1. Which residue, of GLU88, GLU37, GLU101, is away from ligand 1 (no atom under 16 Å from the Cβ), charged (D, E, K, R) and in contact with a His (Cβ under 8 Å, 6 or more places away or on another chain)?
2. Based on this model, can you work out whether VAL83 counts as modelled with pLDDT of 95 or more and open to solvent by less than 20 Å² (accessible area, probe 1.4 Å)?
3. When the residues of segment 88-118 are narrowed to those that are open to solvent by 20 Å² or more (accessible area, probe 1.4 Å) and of a type in the set (S, T, N, Q), which ends up nearest to ligand 2 (Cβ to nearest atom)?
4. May I ask you to say which residue of ALA69, ALA138 is assigned to a helix (DSSP H, G or I), at pLDDT 95 or above, within 12 Å of ligand 1 (Cβ to nearest atom) and not aromatic (Phe, Trp, Tyr)?
5. Is it the case that some residue within segment 345-352 is over 27 Å from GLU216 (Cβ atoms) and surrounded by 16 or more Cβ atoms within 10 Å (Cβ to Cβ)?
6. Since ASN75 meets every condition but one in (1) outside any loop (DSSP other than H, G, I, E, B); (2) touching a residue at least 12 places away in the same chain (Cβ under 8 Å), which condition does it not meet?
7. Pairs only if they're at least six apart or on different chains, beta carbon under 7 angstrom, first in segment 164-191 and outside any strand (DSSP E or B), second surrounded by fewer than 16 Cβ atoms within 10 Å (Cβ to Cβ) and polar (S, T, N, Q); list them, first residue then second.
Amino acid sequence: MSGIYIHVPYCKRKCSYCDFYSVANDSGKNEFANLIEKEIELRASYLNKSPVETIYFGGGTPSTLTTEAIGKILNAISKHFTVAKNSEVTLEANPDDLSIEYLLNLQKIGVNRLSIGVQSLCDSDLKQLGRRHNATEAINATNHAKKVGFSNISIDLIYGLPYSSNQIWEHNLAKAFALPITHLSCYHLIYESGTPLHKNVKSGLVKPVDENISVEQFKLLQQYAQQFNFEHYEVSNLSKKEYRSRHNTSYWKQIHYLGLGPSAHSYNGVSRCWNARSIEQWGNSIKKGLPNPESETLTKDEKINEYFLTSLRTIWGADLSYINNNFGKASAELAQKMTVKYAVRGKMAIDGNIIRIKPEHFLTSDGIIIDFLV
Ligand SMILES: C[S@@+](CC[C@H](N)C(=O)[O-])C[C@H]1O[C@@H](n2cnc3c(N)ncnc32)[C@H](O)[C@@H]1O
Ligand code: SF4
């Protein structure tokens, strides 16, 4: 099995915190679907005929594309790859793009999962983040999606926001869990280097929240998740039973994927490659028939690190017998030793061959995982 990711590098405007590759203009947008179609043709053999189980339009803002353009890309994928019958087809969308007509058209062309960038359900947060939508629009978009027939809806929220409070966060959670969602991605705000928000922190204009507040907000998230039967299955992802993101899960399970569009990454088990982080550069190479992504062959150490960095973020954890078989006895023994160190502090668990970070310690997982890296 395998997956396909399409990076849509367009946003109506840039949010102050965001570091994903996108431009706030329509440069090259008219020919974007044609270029992706061509890239699909050029890279049709990358997945080695493995059936495509998941397709994910991420961004940027995929919902700024017309449904004709999205449909064209999906048709090209079906023409050149074997797409599984029950494939998961996700589109990231901004709430203010989701009119009922747009939602209905998405359904017609085969999109069966939405990931809606709600971020907060409090207008003062949304204003501070520079979002285009307000809380009512986000609630309406999610309800409309359900009403037109989407049964698999995820929303994104951000916590740990400066100027926010635990009360506002709890209000967000209560409103979010009342929505017809099956999945929730909850990210702690990251001050990405180079973003306007990062500059404001450096100049003292914005003060990051105290670590204790982040911990309290994380605990509130877990309380609500438990109350509403959502499983915290990955550091930033929670879902109802059977509704984990199949696409993102495949990244965490080392399943192969092809990435299309500027800045997209691909992985085929041996090497990782990535497209130019520029619409123009990427487009020119596709026009010349040379997708030409930069690539690196992963060394054994990089593969081990990759394995820990992905698997230990999840509740299914890492498998000592897999480590033993793929990276050698010494690596498995080291991992076991390190796990014991964290298990005695109550942060990790060992169940047979499976080692994992306990979900209540997901917030500090980066600090734990670093000790497993070679
Ligand atoms: C690639 S963005 C695309 C989603 C869509 N364009 C939107 O903004 O609604 C995916 C998600 O990443 C999260 N995100 C982006 N930058 C972040 C940051 N600096 N810290 C935490 N979360 C962030 C947001 O929750 C966002 O919805
Ligand atoms: S958060 Fe979404 S809308 Fe905002 S700049 Fe990033 S990708 Fe674009």
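The values are calculated or read from the model by the stated rules, or taken from the named source; none is laboratory data. Everything quoted here is computed from the prediction, not taken from an experiment. Quick reminder, even Gly has a Cβ in these numbers, built from the backbone with ideal geometry, and neighbours come from all protein chains shown. Ligands, DNA and RNA are stripped out before the accessible areas are found, and what is left, the full protein with its side chains, is counted by its heavy atoms. Shrake-Rupley method; radii C 1.70, N 1.55, O 1.52, S 1.80 Å.
1. Numbers: GLU37 fails: in contact with a His (Cβ under 8 Å, 6 or more places away or on another chain); GLU101 fails: in contact with a His (Cβ under 8 Å, 6 or more places away or on another chain).
Residue meeting the stated conditions: GLU88.
2. Criteria not met by VAL83.
3. The selected residue is ASN94.
4. Of ALA69, ALA138, the one residue that is assigned to a helix (DSSP H, G or I), at pLDDT 95 or above, within 12 Å of ligand 1 (Cβ to nearest atom) and not aromatic (Phe, Trp, Tyr) is ALA138.
5. To start, the set of residues in segment 345-352 that are over 27 Å from GLU216 (Cβ atoms) comprises 350-352.
Now narrow it down to the ones that are surrounded by 16 or more Cβ atoms within 10 Å (Cβ to Cβ): none.
Within segment 345-352, none of the residues are over 27 Å from GLU216 (Cβ atoms) and surrounded by 16 or more Cβ atoms within 10 Å (Cβ to Cβ).
6. (2)
7. These pairs meet every condition: PRO180/ASN143.
Condition check ((1) within 16 Å of ligand 2 (Cβ to nearest atom); (2) surrounded by fewer than 19 Cβ atoms within 10 Å (Cβ to Cβ); (3) among the polar types (S, T, N, Q)) across all residues:
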position: THR136; (1), (2), (3): no, yes, yes
position: SER165; (1), (2), (3): no, yes, yes
position: ILE168; (1), (2), (3): no, yes, no
position: LEU179; (1), (2), (3): no, no, no
